[in-house]
Amino acid sequence: MLLLVLPWDAEADASAEWRYLRRWLAGEARSIFDEVEVVSGLPVRLPREAEAVLVLESCRVLIGRASLRRMRRELTRGAASARGAVYATDLTTTGPEAGNDLFTLADFQQAEAAWLAGGGEDPAAAPADAGGRAHGRAAVADGASPAVLLAPEAVARWAAGERPGGPRAGLCYQFIDYYGGERADVLPLLPDDLGPASSVLEVGCGRAATGALIGERFGCRVVGIELNPEAAAAAGERLDRVIRGDAQTLEPGETFDAIVAFELFEHLTDGQDFLERAAGWLRPGGRMVLSVPNVGHYSVVEDLIAGRWDYVPMGLLCATHVRFFTRRTLEDWLHAAGFDRYRIDAQTTPLPERLDALPESLAPDRESLATAGFYVSIFP
């Protein structure tokens, strides 16, 4: 039996994204261990049948069956057995791809396979993945890992603050803070003349990191709409006003000089209705700014060619997306909603060299393949 320690709070419980990841993690663990029990903290007394304890740093950590299989094996032999701990290295902090977004689950699994094939702690030992990228294992301090597999006899020492050394026998990925992300990249899209007399509405404001940044930068009043009640309560400490609820049904009861919504549009069941309603919340001369993912990105296209469409808790194939867009789809939706004055700017990523071999007979849209998302500026 595996005891999976997954930090959990009211905000995570109100998040469909993190609930999805929790179920996915439990499923991956059950493929390696006969039984899995998920708890939010280390218990005072372990179940008698517990074979190992997997401790995750946050509810945002993804770790799959291949790494768990290797970590389980390492825990039962050699130095790891004596120390009682085996760690996973965080892909977000390791190798030349550190800090890059995880586009699809296949991205992670390819990096994981290459990492596990490296066979040692030497960063040069890890081979390149299918895209020609080397995923080396950079050295990390003992205990510095978002995921550790503990033998039962080591749990009490871990709970007391001891972080024993041990091998890095797996790879994991820690997603960004879903409700706490700051989007400084969108500031240039806002009107230049925003000031103390202006008001901005952020739909899906999370804990208001971006909304607070807008208020600081422009000195304007900022209002937020947030569905997650815990995130909304935190946002209330940073914004002038926060409305808790579903943006598809509520009315803010006031108008704004700008409305912003980042990675929200694709979650709405009736995005056109939202756009039409939101246009009525704008003052004359105002604008809406959206950030929307592109389903035509090469990572998704390659997955489809390979017969895959894997949901993840965040990203291009987020488990809570109900609509998927390309540039043309966005244009069609904007026209259908009655908007003819807009601008769409691509958020691009480098294209792997392997895509140079695509035959022109396929008529590949290389701009779309290189686009992870779009900035959409609407001028009603």
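For the chain, the relative contact order comes to 15 percent (Cα pairs under 8 Å, sequence separation of at least 6). A Förster radius of 41 Å combined with the Cβ-Cβ distance from ARG77 to LEU304 puts the calculated FRET efficiency at roughly 0.50.
Evaluated over the Cα positions of the stretch 9-78, the convex hull gives a direction-averaged projected area, one quarter of its surface, of 5.4 nm².
Compared with the direct C-alpha span, the chain from ALA159 to GLN110 gains 14.3 nm at full extension, assuming 0.36 nm per residue. Two numbers describe the Cα atoms of the chain: Rg and Dmax, which are 23.0, 71 Å.
Counting protein heavy atoms only, the chain has 49 percent of its accessible area on carbon and sulfur, 1.4 angstrom probe. The value for the stretch 280-380 of Rg(Cα) / (2.2 N^0.38 Å) is 1.23. For the chain, the mean residue ellipticity at 222 nm estimated from helices alone is -7500 deg cm²/dmol, where every DSSP H run of n ≥ 4 contributes -39500 (n - 2.57) and the total is divided by all residues, rounded to the nearest 500. Averaged per residue, the chain has 44 square angstrom of accessible surface, using a 1.4 angstrom probe with ligands and nucleic acids left out. For the stretch 1-72, trypsin sites (Lys or Arg not before Pro) are listed when DSSP marks them as loop and at most 12 other Cβ atoms sit within 10 Å of their Cβ; the list is ARG45, ARG48. Please identify which residues in the stretch 333-371 have an amide N closer than 20 Å to a label point set 7 Å out from the Cα of ASP185, following the Cα→Cβ vector. Within reach of a label on ASP185, which here means backbone N under 20 Å from a point 7 Å along Cα→Cβ, the stretch 333-371 contributes 343-353, 366-371. Once the Cβ-Cβ distance of ARG328 and GLN272 is raised to the sixth power relative to R0 = 22 Å, the FRET efficiency obtained is 0.90.
The values are calculated or read from the model by the stated rules, or taken from the named source; none is laboratory data. Keep in mind it's a predicted model, so treat the numbers as computed, not measured. With ideal geometry, Cβ positions are generated from the backbone for all residues, glycine too; neighbour counts draw on all protein chains shown. SASA here: full protein model, heavy atoms, side chains in, ligands and nucleic acids out. Shrake-Rupley method; radii C 1.70, N 1.55, O 1.52, S 1.80 Å.
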